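Reviewing the structure listed below.
The values are calculated or read from the model by the stated rules, or taken from the named source; none is laboratory data. Everything numeric here is computed off the predicted structure, so don't read it as measured data. FYI the Cβ positions are ideal-geometry reconstructions off the backbone, even for glycines, and counts take in every protein chain you see. Areas reflect the complete protein model, heavy atoms only, side chains present, ligands, DNA and RNA absent. Shrake-Rupley method; radii C 1.70, N 1.55, O 1.52, S 1.80 Å.
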Amino acid sequence: MTTANATGRAVNQLLYDLLNRDLVAFINPTVTVGDTVTWRSPTPLERFVDFADYPTIRTYRRWAEAGEYSALLPDGALLQIRYRVAGGVIIGHRLAYVPCPYRIDEDFLAISPLSEVLEVHASESHDDITMQTAVRFDFDPDAAAEGHPSVHLTLNAACCRIACEAPMGAAAFARFVFQNFYRERWAQHAPFFAALPRVANVQSTVTDDERGHPHIAW
């Protein structure tokens, strides 16, 4: 059992733990509004998603420059953590890792506004733009249908929805990101990551049909 306030406190504590270890460069305040735990952007966008098929460099820049994220990583990547909680359980989430399309000098980002850093890179050759894809775990039971698993992993294209075993906790999401995309930092802070809560013992959301296809299990 949990509440929106308890979930918000857990997310906030996780973000500060990451910040105190220099695993993230900046965090936005975690706020709880009704049943929703999310980040507070200093300049929230009227239209959060600006694409129907593929996220673009413009998408990244809009989110980064508007502060539409829970945490900014030292290389410019974004973490977006949002939960909905009702009746003592998590009823929805968006957990996204959005890589920066530019190879940012971390020392430059540490002393300069992000918008300035991005503007410098935007003027460089497009040959240097990376092809890393955003990684997003969604939990949206209200939209569950054939081809749209209740919990799914989206890679590259909006229509990609790979079924996942169950809703994911914020600590498990952070562990997933650093273990798979930042192995050196993961190794340097192994005791911290090992101490984070493991995936909760929650009920599976995978249907019999989804279990007959490749899916993500934990």
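General observations
- Restricting attention to the range 87-134, the residues that are in contact (Cβ under 8 Å) with a residue 12 or more places away in the chain, open to solvent by 20 Å² or more (accessible area, probe 1.4 Å), assigned to a loop (DSSP other than H, G, I, E, B) and small (Gly, Ala, Ser) add up to 1.
- For the range 159-174, the set of residues classified as farther than 28 Å from LEU23 by Cα, in contact (Cβ under 8 Å) with a residue 24 or more places away in the chain and in a loop (DSSP other than H, G, I, E, B) consists of CYS159 only.
- Test for ALA194: is it farther than 29 Å from ALA64 by Cβ, among the small types (Gly, Ala, Ser), free of Cβ contacts under 8 Å to residues at least 60 places away in the same chain and out of contact with any Leu (no Cβ under 7 Å at 6 or more places or on another chain): yes
- Hits in the range 151-167 (condition: open to solvent by less than 20 Å² (accessible area, probe 1.4 Å) and either modelled with pLDDT under 95 or among the basic types (Lys, Arg) (or both)): ALA157, ALA166
Let's see how each residue does on (1) of a type in the set (Val, Ile, Thr); (2) open to solvent by 30 Å² or more (accessible area, probe 1.4 Å); (3) in a loop (DSSP other than H, G, I, E, B):
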{"position": "THR2", "(1), (2), (3)": "yes, yes, yes"}
{"position": "ALA6", "(1), (2), (3)": "no, yes, no"}
{"position": "ASN12", "(1), (2), (3)": "no, yes, no"}
{"position": "TYR16", "(1), (2), (3)": "no, yes, no"}
{"position": "VAL31", "(1), (2), (3)": "yes, no, no"}
{"position": "VAL37", "(1), (2), (3)": "yes, no, no"}
{"position": "PRO42", "(1), (2), (3)": "no, yes, yes"}
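- Subset of the range 10-46 that is of a type in the set (D, E, K, R) and touching a strand residue (DSSP E or B) at 6+ places or on another chain (Cβ under 8 Å) - its residue that is nearest to ALA64 (Cα to Cα): ARG40
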